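Visitor: Input: one structure, supplied below.
The values are calculated or read from the model by the stated rules, or taken from the named source; none is laboratory data. Because the structure is predicted, anything quoted here is derived from the model rather than measured. Here Cβ is always computed from backbone atoms with ideal geometry, including for glycine, and neighbour counts include all displayed protein chains.
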Amino acid sequence: MAAGLVQASELQKPNMIWIMTEDIAPDLECYGMAGVKTPNLNKMAKEGMLFTRAYCANPICSPSRSSMMVGAHQTTFNAQHHRSNRDTPLPAPYKPITSYLRDAGYTCILGSDLVMKQGRKIDCNFKYKDTGPYDGVKNFGIFDKLDTFTPADQPFFNQIQTVVTHRGDWWNGVRAASKHPVPLDAIKLPPFMADTPEIRYDWATYLDTIEYMDDEVGQIMQRLKDQGLDKNTIVVFVGDNGRCNLRGKGYLQEPGIHVPMIVWGPGIKAGTVVDELVCMTDISATILKLAGAHMPDYLDGHPVFGVENPQYREYVRSARDIWDEIDECSRSITTKKFSYIKNHMPEVPWNTTQAYLELNRPALHVMRRLKAEGKLSDAEMTFFLDEKPSEELYDLNKDPNQMVNLAANPEYAETLKKMRALEKQWQAENNDMGLADLGNRHPEEGLGAVLVREAVKEKAPDVWARLEAGELMETQSWKKKYGTKKKGK
């Protein structure tokens with residue numbers, strides 16, 4: 001019997017809930033993260049399947065979510081640039097997976113009244129509406145209803161976004177309200193992060209938001225039980241991309257693309273741990289398979305749970321392109337042992353002046369100061385190099401934090417050749433629209449975050465100095481407080 005499978009043939013039109021948590025790496029207690037307590041997700045993992053090598057196709061929310069909603073790599077249907085093409089319909093033959101689920105008799109539900117901000121975020125890089133009919137020409141509704149599932153909705157598919165782990169003005173409040181805030185001395189920082197009180201506070205607060213999210217997951221699971229729906233509902237829990245910190249969200253190193261994935265429900269063997277490679281687009285394919293829905297030829301993934309013969313991957317291919325005002329183009333190949341990254345724009349450093357990063361990552365400011373003072377270790381300097389190498393190669397077994405780039409090491413020349421060949425193979429089999437427009441791109445100008453940053457620097461330099469000192473601040477409120485600096489001024 002296949003791993004994680006218990007009489008899957010008996011499953012008939014299961015309900016399915018896909019919980020996408022924002023901006024987290026596998027930083028849960030059941031994955032061994034120090035300092036954090038996640039009893040509800042621990043229980044899901046104990047009663048279901050925990051995937052140790054799950055990856056997203058892009059380390060930024062909207063391209064990653066686009067790939068999951070369509071079930072294909074975002075570069076193949078021009079959804080690779082962050083928050084792009086919002087007025088452009090998906091090109092034929094691509095459709096949202098909910099279109100096929102509806103055809104199979106499913107009620108498609110967006111959000112939940114049990115989570116912060118109702119969990120209704122879609123954030124895809126093509127034209128859509130939250131609810132209504134979909135034909136991809138005149139009608140672009142993706143879901144049927146909002147916020148609640150009931151027995152009458154069966155079979156249903158419910159996509160829920162948990163936003164609390166996303167950087168936001170609520171972070172300090174979540175920590176202040178916690179009955180058990182994560183102790184600063186209980187956490188363990190990765191070697192590329194400087195160990196300072198400010199960075200420890202920010203990391204601990206991130207873990208506090210994970211604990212808040214874990215409670216939300218518990219409430220969703222309890223509602224299933226209360227309504228008698230737990231016996232025929234599969235729940236999938238994932239991160240949409242990696243953690244929002246250095247080398248995380250926005251980057252192709254492990255903290256940016258390696259995400260948690262837990263599957264629970266009927267047909268799933270309790271206590272299963274899967275160490276094989278999977279991509280988030282495999283979930284899309286699996287959901288369609290379990291629903292008995294049409295599975296179009298363009299799907300990038302294959303069923304990986306609840307089926308007789310799960311089809312795991314030899315490698316996962318991920319991509320990074322435009323993010324806000326920063327033009328960037330990198331591609332990665334992740335195998336069970338190695339990580340390969342091709343940086344097509346090595347002149348663009350990891351440490352850019354991107355407004356979103358400067359407003360939302362205290363460690364960035366603290367470590368910039370330490371760099372200026374000559375106090376960063378070699379490992380801590382990694383993120384702050386003047387430019388990126390054109391190629392990166394890491395042995396994930398020996399070097400899980402990716403501190404030693406082996407691309408120029410002659411002992412790994414054959415491995416480098418094989419990894420390059422995998423990327424070349426992927427390009428030969430797929431149309432990468434992000435490489436096609438390289439050199440002819442136009443990142444958005446005059447973004448709100450940029451204008452807010454400049455306004456605060458000008459109108460409230462004391463406030464900006466606090467941010468640069470590493471204080472975790474409520475920067476989303478700054479637009480209302482300080483306005484924006486006029487473009488061109």
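Visitor: For the subset of region 57-107 comprising residues that are small (Gly, Ala, Ser) and touching a His at 6+ places or on another chain (Cβ under 8 Å), which member is farthest from GLN154 (Cα to Cα)?
Guide: My answer is ALA57.
Visitor: Within region 25-44, can you find the residues that are surrounded by 19 or more Cβ atoms within 10 Å (Cβ to Cβ) and under 18 Å from the mean Cα position of the chain (by Cα)?
Guide: Passing the criteria: ALA25, PRO26, ASP27, LEU28, MET33, LEU41.
Visitor: Next up: Which numbered condition trips up GLN74, out of (1) polar (S, T, N, Q); (2) modelled with pLDDT under 95; (3) crowded, with 20+ Cβ neighbours inside 10 Å?
Guide: The failed condition is (2).
Visitor: Tell me the helices (runs of 4 or more DSSP H) entirely within region 333-439 that contain at least 2 residues that are at pLDDT 95 or above and over 30 Å from ALA204 (Cβ atoms).
Guide: Details: elements: 355-360, 362-372, 378-381, 413-429, 433-436.
The qualifying helices (runs of 4 or more DSSP H) are 413-429, 433-436.
Visitor: Does GLY141 satisfy the criteria of being touching a Lys or Arg at 6+ places or on another chain (Cβ under 7 Å), assigned by TED's automatic domain parsing to the domain that holds ASN15, assigned to a loop (DSSP other than H, G, I, E, B) and not basic (Lys, Arg)? Spell out how you get there, then give the answer.
Guide: Details: touching a Lys or Arg at 6+ places or on another chain (Cβ under 7 Å): yes; assigned by TED's automatic domain parsing to the domain that holds ASN15: yes; assigned to a loop (DSSP other than H, G, I, E, B): no; not basic (Lys, Arg): yes.
In short, no.
Visitor: From the list ALA455, ALA465, which residue is in contact with a helix residue (DSSP H, G or I) (Cβ under 7 Å, 6 or more places away or on another chain) and of a type in the set (Gly, Ala, Ser)? Break it down stepwise before answering.
Guide: Numbers: ALA465 fails: in contact with a helix residue (DSSP H, G or I) (Cβ under 7 Å, 6 or more places away or on another chain).
Residue meeting the stated conditions: ALA455.
Visitor: Can I ask one more? Are any residues in region 100-120 on the phi < 0 side of the Ramachandran plot and surrounded by fewer than 22 Cβ atoms within 10 Å (Cβ to Cβ), and if so, which ones?
Guide: TYR100, ARG102, ASP103, ALA104, THR107, ASP113, LEU114, MET116, ARG120
Visitor: Which pairs do you get when a residue that is assigned by TED's automatic domain parsing to the domain that holds TYR298, found in region 64-78, comes within reach of a residue that is surrounded by fewer than 24 Cβ atoms within 10 Å (Cβ to Cβ) and acidic (Asp, Glu), reach meaning Cβ atoms under 6 angstrom, with the pair 6+ apart or on two chains?
Guide: ARG65/ASP123; ALA72/ASP300; HIS73/ASP300; THR75/ASP432
Visitor: Could you pull out the residue among VAL348, VAL404 that is without any contact (Cβ under 8 Å) to a residue 12 or more places away in the chain, of a type in the set (A, V, I, L, M, F, W, C) and either in contact with a strand residue (DSSP E or B) (Cβ under 8 Å, 6 or more places away or on another chain) or surrounded by 15 or more Cβ atoms within 10 Å (Cβ to Cβ) (or both)? Quick ask: steps written out before the conclusion?
Guide: Numbers: VAL348 fails: without any contact (Cβ under 8 Å) to a residue 12 or more places away in the chain.
Just a single option satisfies the conditions, and that option is VAL404.
Every residue, every condition in (1) crowded, with 23+ Cβ neighbours inside 10 Å; (2) closer than 30 Å to ALA285 by Cα, yes or no:
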position	(1), (2)
VAL163	no, yes
TRP171	no, no
ALA176	no, no
ASP185	no, no
PHE192	yes, no
THR196	no, no
ARG200	no, no
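Visitor: Anything in region 262-298 that is in a loop (DSSP other than H, G, I, E, B) and either among the charged types (D, E, K, R) or touching a Ser or Thr at 6+ places or on another chain (Cβ under 7 Å) (or both)? List them, or say none. Show your work before the answer.
Guide: Looking only at region 262-298, we keep the residues that are in a loop (DSSP other than H, G, I, E, B), and these are 265-267, 269-271, 292-298.
Selection gives GLY265, LYS269, ASP297.
Visitor: Picking from PRO151, PRO89, which residue would you name as being farther than 29 Å from ASP321 by Cα and touching a residue at least 40 places away in the same chain (Cβ under 8 Å)? Reasoning before the result, please.
Guide: Details: PRO89 fails: farther than 29 Å from ASP321 by Cα.
Result of the check over PRO151, PRO89: PRO151.
Visitor: Collect the residues in region 440-469 that are among the small types (Gly, Ala, Ser), outside any loop (DSSP other than H, G, I, E, B) and free of Cβ contacts under 8 Å to residues at least 60 places away in the same chain, keeping them in residue-number order. Break it down into steps so the answer makes sense when it comes.
Guide: So the first thing to find is which residues in region 440-469 are among the small types (Gly, Ala, Ser), and the list is 446, 448-449, 455, 460, 465, 469.
Narrowing further to those that are outside any loop (DSSP other than H, G, I, E, B): 448-449, 455, 465.
Those that are among the small types (Gly, Ala, Ser), outside any loop (DSSP other than H, G, I, E, B) and free of Cβ contacts under 8 Å to residues at least 60 places away in the same chain: GLY448, ALA455, ALA465.
Visitor: Where the second residue is surrounded by 15 or more Cβ atoms within 10 Å (Cβ to Cβ) and among the polar types (S, T, N, Q) and the first is touching a residue at least 60 places away in the same chain (Cβ under 8 Å) and closer than 16 Å to MET68 by Cα and lies in region 125-143, which pairs have Cβ atoms under 6 Å and are six or more apart or on separate chains?
Guide: Once the first residue is touching a residue at least 60 places away in the same chain (Cβ under 8 Å) and closer than 16 Å to MET68 by Cα and sits in region 125-143, its partners that are surrounded by 15 or more Cβ atoms within 10 Å (Cβ to Cβ) and among the polar types (S, T, N, Q) give ASN125/SER62; ASN125/SER66; ASN125/SER84; ASN125/ASN85; PHE126/ASN85; ILE142/THR98.
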